[in-house]
Amino acid sequence: MIIDFRMRPPARGFLNIGVYDDVARTAKLTECFSMNSLISRRIISLSSPNIAAANALLSSVAQKSPELMLQEMDTAGVTMGVIPGRNGHFKGSISNDDIISLLGDFPGRFVGMAGLNASKKEESLEEIHRTVLNGPLKGICMEPGALDKPMYADDPRIYPIYDLCERHRIPVILMLGGRAGPDITYSDPKIINRIAADFPKTNFIISHGGWPWVQQILGVCFFQKNIYLCPDMYLFNCSGAADYIMAANNFMQDRFLFGTAYPLMPIVDCVSHFKGLFKPEVLPKLLYKNAAKLLNIELPEEA
């Protein structure tokens, strides 16, 4: 069993965001991590004189095919994917209703997290009640640094949202890492250190793993036990990976999550690579047990 904690399927509103608008650009980003074995080769095949044969080789990303994505998940052994919502991002939003619809489109294959615009307090509080407390979504996701008017995630104006999540034990995904804002200060681990200390009963999941502040975020996690890391794409052939691996094999083994950042990374290659990085005895925790506990997913006895 494997739970991929960061996926954006090629369906519904996700087709309108940049990673699907320009799949050639997406492939170039994949190449930066030396994980280009599927996507870039198949996009290049578009230039083949035999278009029919080329199309047969295209990946799910290039074809924007959720059916092919599910085939890739099955090949890799990925049982379930977590879909983080996106609201207010400068590159576009996806409605939470679209995420809810995706759960119905592919029963049992995905878990949804409500995307919230951190700058809109009342709207966000209403969405938590509508889609999480009274709906099928399992938590929330915010990307404050990527708003049209960027905010730091510890901005006091966001605190009422954290407070509601604290009262109802709702997990919170924050994008703090990679291009989480106009500059890397928006991913500074001091931010999550403050939030996690102010809301000690809330589980915070840091997508992109706080990269490039790898040692710093791991230092924060050493003392702050309600922070989970999902480095996703920044674990694969990237600077700082050795520190993530050391931590996940040891003190972070109960708070580390597998994620591909699909469609930015190929599912099959990521799973294969990931399995070779960690101690066999901790892999079940990293691949699915930690995620299942966070999301209150009941596991089969054999898992």
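Odds and ends about this structure:
- For beta carbons closer than 6 Å, sequence separation of 6+ or different chains, a first residue in region 165-182 that is touching a residue at least 60 places away in the same chain (Cβ under 8 Å) and under 16 Å from LEU137 (Cα atoms) and a second that is outside any helix (DSSP H, G or I) and open to solvent by less than 10 Å² (accessible area, probe 1.4 Å), the qualifying pairs are PRO171/GLY139; ILE173/PRO84; ILE173/MET113; ILE173/CYS141; ILE173/ILE205; ILE173/SER207.
- Residue in region 181-188 that is under 13 Å from ILE217 (Cβ atoms) and either in contact with a Ser or Thr (Cβ under 8 Å, 6 or more places away or on another chain) or open to solvent by less than 10 Å² (accessible area, probe 1.4 Å) (or both) present: yes
- Qualifying residue in region 204-220 (condition: surrounded by 23 or more Cβ atoms within 10 Å (Cβ to Cβ), touching a Lys or Arg at 6+ places or on another chain (Cβ under 8 Å), modelled with pLDDT of 95 or more and of a type in the set (Gly, Ala, Ser)): yes
- Any hit, region 236-257, residues being touching an Asp or Glu at 6+ places or on another chain (Cβ under 8 Å) and within 20 Å of VAL282 (Cα to Cα): no
- Conditions (1) under 30 Å from LYS64 (Cβ atoms); (2) free of Cβ contacts under 8 Å to residues at least 40 places away in the same chain; (3) under 14 Å from the mean Cα position of the chain (by Cα); number of the one not met by LYS275: (3)
- Residue match in region 105-117 (condition: modelled with pLDDT of 95 or more, surrounded by fewer than 23 Cβ atoms within 10 Å (Cβ to Cβ) and farther than 19 Å from PRO10 by Cα): yes
- Positions within region 34-69 being more than 17 Å from the chain's Cα centre (by Cα), part of a helix (DSSP H, G or I) and modelled with pLDDT of 50 or more, in sequence order: SER60, ALA62, GLN63, PRO66, GLU67, LEU68
- Only residues that are modelled with pLDDT of 95 or more and part of a helix (DSSP H, G or I) were counted in region 273-294, giving 14.
- Residue that is farthest from ILE170 (Cα to Cα), among those in region 245-293 that are open to solvent by 10 Å² or more (accessible area, probe 1.4 Å) and among the aromatic types (Phe, Trp, Tyr): PHE278
- Residue match in region 255-268 (condition: hydroxyl-bearing (Ser, Thr, Tyr) and assigned to a loop (DSSP other than H, G, I, E, B)): yes
- Count of region 81-97 residues which are buried (at least 21 other Cβ atoms within 10 Å of the Cβ) and modelled with pLDDT of 95 or more: 5
- When residues in region 99-117 are screened for being over 17 Å from the mean Cα position of the chain (by Cα), outside any helix (DSSP H, G or I) and in contact (Cβ under 8 Å) with a residue 60 or more places away in the chain, 1 of them pass.
- The residues of region 125-148 that are of a type in the set (S, T, N, Q) and either under 19 Å from LEU176 (Cα atoms) or open to solvent by 50 Å² or more (accessible area, probe 1.4 Å) (or both) amount to a single one, ASN134.
The values are calculated or read from the model by the stated rules, or taken from the named source; none is laboratory data. Note that the coordinates shown come from a computational prediction; the quantities given were computed from them, not determined experimentally. For neighbour counting, all protein chains shown are included, and Cβ atoms are generated from backbone atoms with ideal geometry for every residue, glycine included. Heads up: the accessible areas ignore ligands, DNA and RNA and are worked out on the full protein's heavy atoms, side chains in. Shrake-Rupley method; radii C 1.70, N 1.55, O 1.52, S 1.80 Å.
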